[in-house]
Amino acid sequence: MLKKEEKIYTVEDTIPYLRMFSEGICQLDERRYSKTIAFQDINYQLALEEDRDLIFNQFANFLNSFDPSVHIELNYVNQMGRNKDLQDAIKIADKNDGYDEVRKEFREMLKMQLNKGNNGLKKMKFVTFTIEADNLDQAKANLNRLEVDILSNFKAMGVRAESLDGEERLRLIHDMLNPDEDFNFSYQDLKKKESTKSYITPKVFNFAPAEIFKFGKYIGSTTHFQILASELSDKMLSELLNIEDNIYIGFHIDVIEQTEAVKIIKRKNTDIDKMKIEEQQKAIRAGYDMDIIPSDINTYGNDVKSMLSDLQNRDERLFLVTIVIMNYARTLQKLENTIAQISSIANKNNCQIKRLSHMQEQGLVTVLPLGTNEIEIKRYLTSSSTAVFMPFTTEELFIDSSNSLYYGLNALSQNLIMADRKLLKNPNGLILGTPGSGKSFSAKREMANAILVTDDDVIICDPEGEYGNLVRQFNGEVIKVSAKSKDYLNPLDINMNYGDGDAPLKDKANFIMSLLELVVGGSGLTAAEKSVIDRCLPKIYDNYFNNPIPENMPILEDLYNQLLSQDEVVGQKLATELEIYVKGSLNVFNNRSNVDMNKQLLCFDIKELGTQLKKIGMLVIQDQVWNKVSLNRGKKATRYYIDEFHLLLKDQQTASYSVEIWKRFRKWGGIPTGITQNVKDLLTSMEIENIFDNTDFILMLNQASGDREILAKKLKISPYQLNYITNSNAGEGLLFFGNTIVPFIDKFPKNTMLYKLMTTKPEEAK
């Protein structure tokens, strides 16, 4: 009889699956199939108490939603050095426009901030769900149904999540097993009968030592997390994941059918009662007080009774839970140091970690997001006890987009904040803060960043004359708007795209009415006056529309003459009221525009605009911005920054015009940003609700105590989040980006050319 050849085991045999299909389904054995979903972080630790309770209950309900036929695995992967995608996102392309030196410096600064953040630590979260099925088609149908349920559960919690396809799952496992190698695989290149495992396994696995193992250039070790405490903190998991080192955590959860769960706990209760009787008998025999029961039996007994009550009277389920942690490092010393850190956190929470002696291979398999648990050490936990291992801490804001701009570091995680306002439903923004909090600097940083990275036009309304230096350095145009200035803006400027583009004159008429309302003052224009103006406008634009050359553009004097020639008294009255702006001392706006409005960076300096002209000046500037937005529509974005924004909202005409901008700009690629230190004045405006309702971007720096309270109420800021805008240093605060709230720190390096261009402190600009 021929002796059967003994199977030679390879590294591939360690990874327990049969096939990984391209759509993301993994066949583990003859009957078991799994799928993986990646999910993002949300704000939990900084949320309002009621919001935290809500998230906690939602997470517990999420766990409750699985039936006993589904095996759940939650994976948390922290990897050092896997930040290539982050590095790619901060590569700013050169444009050969004379500012490539500044771009190079900006790239270096971002790289430095990235490294300063968390040393390139990449954090990922996954849920893998495993079912049994007779064949692939059945598995597909059941897994797809589960996938839809899980994704909708995550959506209800406000968690961004997406399913991984086969290639993404393989990449994940490859990167976990080969930390310093690139993944090169495509299903198209897969040969017939070739296993996908050959692309993801390291060259060597050595599980010979009892408590460590070797793979590639690394030493790894897996430990079992023992829960000894009757109550745990919901911060414990986040403490473990805050360790800046390589950590893989695998949570395996099996749901126990409810009637079976009650039976199990009742049996445990009976066992404890039996133990108590035995202890009492021992005490009587030894002559001790029979009421003195060992404290661990009492504690355990109370836990079991509480568990039984939860199962019977509250919406709780029973789970069998296994928690395995894997660490790895280049040296044994480094590995032991990290394990000691984990042990310290576990001990602090009345738990323990135990090395999986002679079970390192099984431990490794258990932390991989495949859906396989090869560790038979399990603990019974209820829904809420399992939900205590809350995977959420703080939301990150890192959008990998060619238009993403830098906003500092996440104050909690120290990760880089990169965001693209164009992706918001409403990109309109506010920058709020007390004097010296870094408002102007934050605005300048965004402007400079936009100039360096995008093709967007940037326009500034500058009431203090503090943006001129930056504008000139970027070859922009500074337009001085004042009674003495020789820079002229024509309020009657129009282009064929003006407003909605269909009827430019109709939209322009609205602006001219607003302008004349300011001129007239008091209660505004009467119906008769509006009719007369409406009659005059087509006449003064007639020449221009027939032959649209600059010389044919009408000026205020043309309107004045038309009003004067009307038969009605109201025409004469309007002309008289307009006279000071045409022939009198305030005639600065009675000229054709002589400034270059085609520059990428424009700044309207209104520092010397007198009180009498301020309102009209602001309105004219807003109209010029509207013109620019109309011209850029469909081609590029127009960013408009308005400093001392509260002043615009004080007056009815400028306020309603501002609201128009806030409501309509985004349709044509306009991105307005209001900047103010007078938050109280801003919030008292009649139009503030309209502004807030149409704003999805708020950069909030240090706030005065009275303003803080109003803002907290209005924007639902938690007490924890308020700390970041209370007595905070310059460049520190909260960033509201859509539904995401991130505490940030922006310590922009002072030894850079860019800092010198942006600083408002004269001594630092040298």
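Quick look at the numbers
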item: First in segment 533-549 and in the same structural domain as Ile494 (by TED's automatic domain parsing), second anywhere and loosely packed, with under 12 Cβ neighbours inside 10 Å and not polar (S, T, N, Q), Cβ under 8 Å, 6 or more apart; result: Pro548/Met496
item: Filtered residue count, segment 126-139, keeping only those that are part of a helix (DSSP H, G or I) and either touching a strand residue (DSSP E or B) at 6+ places or on another chain (Cβ under 8 Å) or surrounded by 20 or more Cβ atoms within 10 Å (Cβ to Cβ) (or both); result: 2
item: For Ile675: the one exception among (1) more than 19 Å from Lys650 (Cβ to Cβ); (2) hydrophobic (A, V, I, L, M, F, W, C); (3) touching a Lys or Arg at 6+ places or on another chain (Cβ under 7 Å); result: (1)
item: Selection count, segment 425-436, where residues are part of a loop (DSSP other than H, G, I, E, B) and either touching a strand residue (DSSP E or B) at 6+ places or on another chain (Cβ under 6 Å) or basic (Lys, Arg) (or both); result: 3
item: Helices (runs of 4 or more DSSP H) (entirely within segment 565-681) containing at least 2 residues that are charged (D, E, K, R) and in the same structural domain as Ile533 (by TED's automatic domain parsing); result: 569-582
item: The one condition in (1) within 42 Å of the chain's Cα centre (by Cα); (2) assigned to a loop (DSSP other than H, G, I, E, B) that Ala483 fails to fulfil; result: (1)
item: Considering residues of segment 387-409 that are touching a Phe, Trp or Tyr at 6+ places or on another chain (Cβ under 7 Å) and in a loop (DSSP other than H, G, I, E, B) only, the residue nearest to Lys125 (Cα to Cα); result: Pro391
item: Filter result for Ser705 (over 21 Å from the mean Cα position of the chain (by Cα) and farther than 27 Å from Ile671 by Cβ); result: yes
item: Filtered residue count, segment 24-39, keeping only those that are in a loop (DSSP other than H, G, I, E, B) and surrounded by 17 or more Cβ atoms within 10 Å (Cβ to Cβ); result: 3
item: Residues that are at pLDDT below 90, under 23 Å from Tyr755 (Cα atoms) and assigned to a loop (DSSP other than H, G, I, E, B), drawn from segment 410-424; result: Ala411, Gln414, Asn415
item: Subset of segment 514-559 (residues that are touching an Asp or Glu at 6+ places or on another chain (Cβ under 7 Å) and under 22 Å from Thr654 (Cα atoms)); result: Val519, Val520, Gly524, Leu525
item: Residue satisfying all of: in segment 596-624; surrounded by 20 or more Cβ atoms within 10 Å (Cβ to Cβ) and β-branched (Val, Ile, Thr); farthest from Ala448 (Cα to Cα) among these; result: Ile616
item: Hits in segment 176-209 (condition: touching a residue at least 12 places away in the same chain (Cβ under 8 Å), under 18 Å from Thr222 (Cβ atoms) and of a type in the set (A, V, I, L, M, F, W, C)); result: Met176, Leu177, Val204, Phe205, Phe207
item: Neighbours by Cβ (under 6 Å, 6+ apart or cross-chain): first from segment 618-635, closer than 23 Å to Gln652 by Cα; second in a helix (DSSP H, G or I) and of a type in the set (S, T, N, Q); result: Met618/Thr654; Leu619/Thr654
item: Subset of segment 441-480 that is among the charged types (D, E, K, R) and farther than 11 Å from Asp605 by Cα - its residue that is surrounded by the most Cβ atoms within 10 Å (Cβ to Cβ); result: Asp457
item: Segments classed as helices (runs of 4 or more DSSP H), wholly inside segment 261-378, with at least 3 members that are at pLDDT below 65; result: 295-313
item: Condition check for Glu167: at pLDDT 95 or above, charged (D, E, K, R) and not in a helix (DSSP H, G or I); result: no
item: Considering residues of segment 366-389 that are among the β-branched types (Val, Ile, Thr) and crowded, with 19+ Cβ neighbours inside 10 Å only, the residue farthest from Gly220 (Cα to Cα); result: Thr382
item: Of all residues in segment 49-74 being aliphatic (A, V, I, L, M) and not in a helix (DSSP H, G or I), the one that is farthest from Ser384 (Cα to Cα); result: Val70
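The values are calculated or read from the model by the stated rules, or taken from the named source; none is laboratory data. Every value quoted in this text rests on a predicted model; they were computed, and no experiment measured them. Virtual Cβ from ideal backbone geometry, glycine too; neighbours counted across all protein chains shown.
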